[in-house]
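To start, the structure under review is shown below, and the notes come after it.
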Ligand SMILES: [Zn+2]
């Protein structure tokens, strides 16, 4: 083999294997995302005076269980570390050897009540606790009146959705001929990071929509909004088929699997709010996700049109970016899209809050990395299921319709 031929082979191989990385970015309000320690719960069953409490399941959160008097028990719910956004997530099981009525105080330490209790008797079918059995103490902790028996009572801040539940949904989507489900990395504690690639035919040169979910573990209503959005894109409708032929969707359904399965309030196993790490990528979940997106898009010579990141907060709101840094071809799209959603669902609450670049959050990363539209799609903690589903479907339909006609 002559030297020149060998040189070509080396160049070809290195180009062929090249993988791209996300660019480090400077944001106006940087956030230190270097690891800090987290406090893990002790996984156990407490048994006190015939009453048992248990946190040994995925998504469970209960730090301590105490008896105050004959009829009152106290569940201590403390965060993985501090400072932290006050999203006191709890999930645990209760039962009693004898039928018994108790008062249960949910003690959030420094935080206030946020998630109204949901109950289940089998861990699958959930409903909100009867509101007459719920009150707030000292403007902070919740007091619940519960009837216990030897039947297990499950109690949680939202219907728990673990990494296994997400995997079940991905497995179902993966049956679709235009979906490929893959693992692109590992979390800090070695759980899988998943991507689903949606689209018909070749990925080459396609404009791409990126969907992110569950950077923040308790934000289950955001997850509930993602599902109808994706299912509408994969539906057997004319508009969806045309959309999948022209566009590609990269879906990252579970960015913080450690935090989700460990029942964290907000952070990952590095003790960091992942949605502040989109500048320096110090946490493995964001490093690998950002690189994966950049690499997938560049190796296919595609472009990112829009990134949507699904979350939950107190009310439904779309957090958007100012358009100064947006690629000119995309200007006006966001206003038109949100306007159509609002006009189609006039009875639903609609809020948009637009801001300039600030902290390194994903919506701003899409703008700075790609000049793309970035939106944090927030659903209220208490938004009813049917509203979430209808909004998800309409949002996806309007997005597809507008993008198919967009130059
Ligand atoms: Zn969030």
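Does residue 282 meet the test of being over 13 Å from the mean Cα position of the chain (by Cα) and assigned by TED's automatic domain parsing to the domain that holds residue 398?
Considered against the rule, which asks whether it is over 13 Å from the mean Cα position of the chain (by Cα) and assigned by TED's automatic domain parsing to the domain that holds residue 398, residue 282 comes out as yes.
Count, please, the residues in segment 248-271 that happen to be farther than 21 Å from residue 220 by Cβ and within 16 Å of the ligand (Cβ to nearest atom). Quick ask: steps written out before the conclusion?
Start the filter on segment 248-271 by keeping residues that are farther than 21 Å from residue 220 by Cβ, which leaves 248-250, 270-271.
Retained after the next criterion (residues that are within 16 Å of the ligand (Cβ to nearest atom)): none.
Of the residues in segment 248-271, 0 are farther than 21 Å from residue 220 by Cβ and within 16 Å of the ligand (Cβ to nearest atom).
Any residue at all in segment 381-397 that's more than 23 Å from residue 233 (Cα to Cα), at pLDDT 95 or above and not assigned by TED's automatic domain parsing to the domain that holds residue 116? Lay out the reasoning, then the answer.
As a first pass, look at segment 381-397 and keep what is more than 23 Å from residue 233 (Cα to Cα): 381-382.
From the residues that got through so far, the ones that are at pLDDT 95 or above too are 381-382.
Narrowing further to those that are not assigned by TED's automatic domain parsing to the domain that holds residue 116: 381-382.
Yes, because at least one residue in segment 381-397 is more than 23 Å from residue 233 (Cα to Cα), at pLDDT 95 or above and not assigned by TED's automatic domain parsing to the domain that holds residue 116.
Working only within segment 351-392, note down all residues that are part of a helix (DSSP H, G or I), surrounded by 17 or more Cβ atoms within 10 Å (Cβ to Cβ) and touching a helix residue (DSSP H, G or I) at 6+ places or on another chain (Cβ under 8 Å).
Across segment 351-392, the qualifying residues are 362, 365, 369, 370, 388, 389, 391, 392.
Tally up the residues in segment 193-237 that are within 16 Å of the ligand (Cβ to nearest atom) and in a helix (DSSP H, G or I), please.
Qualifying residue count for the region: 7.
What are the residues in segment 311-323 that are away from the ligand (no atom under 16 Å from the Cβ), surrounded by 13 or more Cβ atoms within 10 Å (Cβ to Cβ) and part of a loop (DSSP other than H, G, I, E, B), if any?
So the first thing to find is which residues in segment 311-323 are away from the ligand (no atom under 16 Å from the Cβ), and the list is 321-323.
Now narrow it down to the ones that are surrounded by 13 or more Cβ atoms within 10 Å (Cβ to Cβ): 321, 323.
Scanning segment 311-323 gives a single hit, 323.
Filter segment 138-184 down to the residues that are under 15 Å from residue 90 (Cβ atoms) and in a strand (DSSP E or B) and list them by number.
Scanning segment 138-184 gives 141, 142, 143, 144, 146, 153, 154, 155, 156.
Confirm whether residue 340 is touching a residue at least 24 places away in the same chain (Cβ under 8 Å) and more than 30 Å from residue 27 (Cβ to Cβ).
Judged against the criteria, residue 340 is a match.
Quick check on segment 64-92: of everything there that is without any contact (Cβ under 8 Å) to a residue 40 or more places away in the chain and buried (at least 19 other Cβ atoms within 10 Å of the Cβ), which residue is farthest from residue 143 (Cα to Cα)?
The selected residue is 78.
Only one residue in 338, 326, 308 is modelled with pLDDT of 95 or more and within 16 Å of the ligand (Cβ to nearest atom). Which one?
Every option except 308 fails the conditions.
The values are calculated or read from the model by the stated rules, or taken from the named source; none is laboratory data. None of the values given here were measured: they were computed from a predicted structure. Ideal geometry is used to build each Cβ from the backbone, glycine not excepted, and the neighbour counts take in all protein chains shown.
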